[in-house]
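Engineer: Following this message is one structure expressed as structure tokens.
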Amino acid sequence: MEKLVISGGKALSGEVSVSGAKNAAVAIIPATILADSPCTLENVPCIKDVAVMFEIMTRMGAVIKQTGENTFYVDATGVNTTDVVFEEAGRMRASYYILGALLAKKGKACVRMPGGCFFGDRPMDQHIKGFSILGADCRFDDPKDCVSVFAEKGLKGGYIYMDVVSVGATINVMIAAVTAEGTTVIENAAREPHIVDVANFLNMMGANIKGAGTEVIKIKGVKELKGVNYSIIPDQIEAGTYIAAIAATHGKALVKNVIPKHLDSIIVKINEMGVKTSVGDNGDSIFVDAGGELKCCKVKTMPHPGFPTDMQPQFVALMAMATGTSHMRETVWECRFQYIEQLIKTGMDVKISGNKRDLLIIEGGKKLHGTDMQATDLRAGAAMIITALCADGVSTISNINYIERGYDRIVDKLKAMGADIDKKDF
Ligand code: EPZ
């Protein structure tokens, strides 16, 4: 079994370049199904979730060729099925975007219930609500563990008020509405940077989407979409993860290929903790200087533009390095704290609190020691790496498949910044 082996105690330095955004790529790839001609996607992160999505698309009849280190030719015009019930489709959450894309292109789909990291219930009611308002008949087929959608008379635009701010439902309904007859309005839409990236991709193909990135998105249906060349935005969460790692190790390093605006909520908190940051002259990099003492702080996760839930575990690892008591409140997922047992094994003082058990209290400044940890999900795995980088002695992290789902070449990138980290077979 492969594990990461990390010897802590070294401050990160030098520079790191951020890859393309996972949560944009896993939506844009299936959205190519809407195009009447091939696409070329650039700045695609080489991560497991993208590889699985490419595998699913290939099995559906698409032709996919890697034409550069992070560039892929995607011809989805050969997609010849609306049944995507094979095992791979159940391996990750993002496979539900195939529902929206096939509904827009073929008027029907049956897709394996999506998997993904477990932090409690991961419903799809808002996706189904949106598809139903557009005129699709939707049902869960329990025996086959799949979701079926069918729009016999085609899709018609409608007004959808999302009961919950949902990234997936916003993107999925936006994709489905692109070819619907008439106008669709999505109210209480999620506003994450990857939603804007998917909308920009669809508009470049010929869609008519306005308001992505705000809580109201308006989509006017179009008949045809053509294949385009498109470069995916840098990954906000990968960038935030390296910023937290540099800060936690009291390092000084440059984080390149970022969109600073996407990092506002993370930078505000990092600055509150006493870490100095500055945006590079070209506006696409951030220099992080964490030479001084780290101060405790309080964070509450919120939908964008609030502090991202996908930075919660990594920031807890950073807070453990700060002097004093820090608070982390998780408001997006019902139980995204399973990983703390692993961090406590290093001597970290973190406990769950609050009447809704949605609050972590972190007593910072403790000396941490290396230990064996098991990644419990993608971002928790990143938090374990940060903790191991700060602990005295050697740590191992298993279940690294979780980490490799979302971080492109993380071992190489950390090594290049001076970390003592290796991937070894046990
Ligand atoms: C996306 O998941 C991301 N995954 C997650 O990132 C991220 O944590 C999440 O958005 C929030 O930002 C991808 O983009 C592939 P949601 P998604 O729908 O779309 C509730 C990572 O680490 N909800 O925004 O599944 C839901 O229970 C991953 O990269 C409903 O109630 O999240 C949750 O409480 C982990 N009904 C809240 O909304 C629905 O129909 C937010 O979920 C859908 C969601």
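The values are calculated or read from the model by the stated rules, or taken from the named source; none is laboratory data. All figures in this text were calculated on a predicted structure; none of them were measured in a lab. Glycine also receives a Cβ, built like all others from the backbone with ideal geometry; neighbour counts cover every protein chain displayed.
Engineer: Filter the stretch 128-139 down to the residues that are touching a residue at least 12 places away in the same chain (Cβ under 8 Å) and loosely packed, with under 15 Cβ neighbours inside 10 Å and list them by number.
Structural biologist: Answer for the stretch 128-139, where residues must be touching a residue at least 12 places away in the same chain (Cβ under 8 Å) and loosely packed, with under 15 Cβ neighbours inside 10 Å: just Asp137.
Engineer: Quick one: count up the residues across the stretch 341-374 that are closer than 20 Å to Cys297 by Cα and crowded, with 21+ Cβ neighbours inside 10 Å.
Structural biologist: Going through the stretch 341-374 one residue at a time, the tally reaches 7.
Engineer: With respect to Gly9, is the statement that it is under 30 Å from Gly291 (Cα atoms) and within 16 Å of the ligand (Cβ to nearest atom) true?
Structural biologist: Judged against the criteria, Gly9 is not a match.
Engineer: Could you give every pair whose Cβ atoms fall below 8 Å, whose first residue belongs to the stretch 377-393 and is without any contact (Cβ under 8 Å) to a residue 60 or more places away in the chain, and whose second residue is away from the ligand (no atom under 16 Å from the Cβ), counting only separations of at least 6 or pairs across chains?
Structural biologist: Within 8 Å, the pairs are Gly381/Ile397.
Engineer: crowded, with 18+ Cβ neighbours inside 10 Å, assigned to a loop (DSSP other than H, G, I, E, B) and of a type in the set (Ser, Thr, Tyr) - does that describe any residue in the stretch 239-249?
Structural biologist: Checked against the condition, which is being crowded, with 18+ Cβ neighbours inside 10 Å, assigned to a loop (DSSP other than H, G, I, E, B) and of a type in the set (Ser, Thr, Tyr), the stretch 239-249 yields at least one hit.
Engineer: Further question: What residue, of Thr81, Thr71, is in contact (Cβ under 8 Å) with a residue 24 or more places away in the chain and either farther than 25 Å from Arg405 by Cβ or among the polar types (S, T, N, Q) (or both)?
Structural biologist: When all the criteria are applied, what remains is Thr71.
Engineer: Suppose we filter the stretch 70-117 for residues that are outside any helix (DSSP H, G or I) and among the aromatic types (Phe, Trp, Tyr); how many remain?
Structural biologist: Number of matching residues: 3.
Engineer: Taking into account only those residues within the stretch 40-59 that are without any contact (Cβ under 8 Å) to a residue 60 or more places away in the chain and crowded, with 22+ Cβ neighbours inside 10 Å, which is farthest from Lys108 (Cα to Cα)?
Structural biologist: Checking each candidate, the answer is Val50.
Engineer: Please state which one of Ile286, Ile361 is of a type in the set (A, V, I, L, M), assigned to a strand (DSSP E or B) and more than 21 Å from Gly240 (Cβ to Cβ). First the steps, then the outcome.
Structural biologist: On the way: Ile286 fails: more than 21 Å from Gly240 (Cβ to Cβ).
Just one listed residue meets the conditions, Ile361.
Engineer: Working carefully through the options Ile246, Ile270, Ile217, find the one that is touching a strand residue (DSSP E or B) at 6+ places or on another chain (Cβ under 7 Å) and over 16 Å from Ser285 (Cα atoms).
Structural biologist: None of the other options fit; the residue is Ile217.
Engineer: Also, I was wondering about something else. In the stretch 25-39, which residues are more than 19 Å from Ile403 (Cβ to Cβ) and surrounded by 18 or more Cβ atoms within 10 Å (Cβ to Cβ)?
Structural biologist: Correct list: Ala27, Ile28, Ile29, Pro30, Ala31, Thr32, Ile33, Leu34, Ala35, Pro38, Cys39.
Engineer: Only residues that are in contact (Cβ under 8 Å) with a residue 60 or more places away in the chain and either polar (S, T, N, Q) or crowded, with 17+ Cβ neighbours inside 10 Å (or both): list them for the stretch 291-314, please. So that I can check it myself, show each step before the final result.
Structural biologist: Step one: of the stretch 291-314, the residues in contact (Cβ under 8 Å) with a residue 60 or more places away in the chain are 294, 296, 303-305, 308, 310-314.
Answer for the stretch 291-314, where residues must be in contact (Cβ under 8 Å) with a residue 60 or more places away in the chain and either polar (S, T, N, Q) or crowded, with 17+ Cβ neighbours inside 10 Å (or both): Leu294, Cys296, Pro303, His304, Pro308, Asp310, Met311, Gln312, Pro313, Gln314.
Engineer: Can you name every residue in the stretch 150-193 that is part of a loop (DSSP other than H, G, I, E, B), away from the ligand (no atom under 13 Å from the Cβ) and not aliphatic (A, V, I, L, M)?
Structural biologist: Selection gives Glu152, Lys153, Gly154, Gly157, Gly158, Thr179, Gly182.
Engineer: Restricting the stretch 136-149 to residues that are in a strand (DSSP E or B) and either among the aliphatic types (A, V, I, L, M) or over 19 Å from Ile98 (Cα atoms) (or both), which is nearest to the ligand (Cβ to nearest atom)?
Structural biologist: If we take residues in the stretch 136-149 being in a strand (DSSP E or B) and either among the aliphatic types (A, V, I, L, M) or over 19 Å from Ile98 (Cα atoms) (or both), then Val147 is nearest to the ligand (Cβ to nearest atom).
Engineer: State whether the residues of the stretch 81-89 include one that is buried (at least 24 other Cβ atoms within 10 Å of the Cβ), small (Gly, Ala, Ser), within 22 Å of the chain's Cα centre (by Cα) and within 25 Å of Pro143 (Cα to Cα).
Structural biologist: Yes, there is a match, as at least one residue in the stretch 81-89 is buried (at least 24 other Cβ atoms within 10 Å of the Cβ), small (Gly, Ala, Ser), within 22 Å of the chain's Cα centre (by Cα) and within 25 Å of Pro143 (Cα to Cα).
Each row is one residue, and each column tells you yes or no for (1) within 25 Å of Lys252 (Cα to Cα); (2) assigned to a strand (DSSP E or B); (3) among the acidic types (Asp, Glu); (4) near the ligand (Cβ under 9 Å from one of its atoms).
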residue: Gly292; (1), (2), (3), (4): yes, no, no, no
residue: Lys300; (1), (2), (3), (4): no, yes, no, no
residue: Pro303; (1), (2), (3), (4): no, no, no, yes
residue: Phe315; (1), (2), (3), (4): yes, no, no, no
residue: Leu318; (1), (2), (3), (4): yes, no, no, no
residue: Trp333; (1), (2), (3), (4): no, no, no, yes
residue: Arg336; (1), (2), (3), (4): no, no, no, yes
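Engineer: Among the residues of the stretch 114-122, is there at least one that is closer than 19 Å to Val222 by Cβ and either modelled with pLDDT under 95 or within 27 Å of the chain's Cα centre (by Cα) (or both)?
Structural biologist: No, the stretch 114-122 has no match at all.
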